[in-house]
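Okay, structure first, notes after.
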Amino acid sequence: MLQIFKRVIVIAMLVQSSVAMAADLPSYPFVHVTGVATRGLPANMAELDFELTVLTPEPKVSYEKIVQYSDEISSQLLALGVSNGDIQAAQIKRYISPVEYLETAETQLKFRLIRSFHVIVRDLGNWNAVIAALTEKDYLGNFNVDFGRNDLPMIQQELIQLASVDAQQQAHIMAQAFKLKLGAPTGMSQSVLSSLSSDLGLSGQVKMDVPKIENKPTTRDFSIPAQLKYQQSVNVIFKLKQ
């Protein structure tokens, strides 16, 4: 008898939950569409990361060398047109790898200092000269480069507009297929739908998430790409009318 009573409670809860979910949905017909816009643009800037490493038996010698090399790198970058504010040098750190704890002839040079650099090259006309100057130095390594654009806000705004137009065109075609008219949008979001009522404001409130666009991933290839691909998608809910 107790098991039957429990089942009745569970069924009642499921029914109440279904009624509550249905209540969140609008009474009018609607259509959900995803608009997409893509643009291919050449890179006009690059962000470069690398490490400066010095390894000697003496702490003082290692420190003096890493300071000397740091100054040389900064001076050379400035001469190649990189702004002083676009050269960021991290704090000098000591690093000891596990193998350097071993007492062998190959690991007698034990005092290793490392310094990370982050450099922004805003004029890619000097890019080849910058890379040639840095890669010829045997104390530099772990290079990573991220090509990008310095006008991302404008690109983003344009892609949002194009994606929104694409969404509206798709919704119009779908409405015509069912012999209905397209109404006003009730919700907009760039994120993947998880809840119609909360994510897209179907309970009455129009919501629009802040969109984002992705840049080209970091690469170890120093060659400037022919194009960077930028893509924006928007999810939109439209009312449908008779």
What translational diffusion coefficient, to the nearest whole µm²/s, does the stretch 45-148 have by Stokes-Einstein, given a Kirkwood radius computed over alpha-carbon pairs, a temperature of 20 °C and 1.002 mPa s viscosity? 146
Computed lengthening from Gln231 to Tyr28, 0.36 nm per intervening residue step minus Cα-Cα distance: 69.9 nm
Sorted by Cβ density within 10 Å, fewest first, the residues Asp221, Asp86, Asp71: Asp221, Asp71, Asp86
Note down the nm distance, to one decimal, between modelled labels 7 Å out along Cα→Cβ at Tyr139 and at Asn84. 2.3
If you rank Arg122, Arg94 by fewest surrounding Cβ atoms within 10 Å, what's the result? Arg94, Arg122
Between Glu64 and Gln242, how many nm apart are label points set 7 Å from Cα along the C-beta direction? 9.2
In debye to the nearest 20, how big a dipole does the stretch 45-148 give about its Cα centre with +1 on each Lys and Arg Cβ and -1 on each Asp and Glu Cβ? 260
Once phi is turned into ³J(HN,Hα) by the Karplus curve 6.51 cos²θ - 1.76 cosθ + 1.60 with θ = phi - 60°, what whole-Hz value does each residue of the stretch 35-43 show in order, with x for glycine and proline? x, 10, 9, 9, 9, x, 9, x, 5
Run the quick spin-label model on Asp221 and Leu152: label points 7 Å from Cα toward the beta carbon, then report their separation in nm to one decimal. 2.1
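Values in this text are rule-based calculations from the coordinates and carry no lab data. A quick note: this is a predicted structure, and the numbers were derived from the prediction, not measured. So basically every Cβ, Gly included, is an ideal-geometry build from the backbone, and we count neighbours across all protein chains shown.
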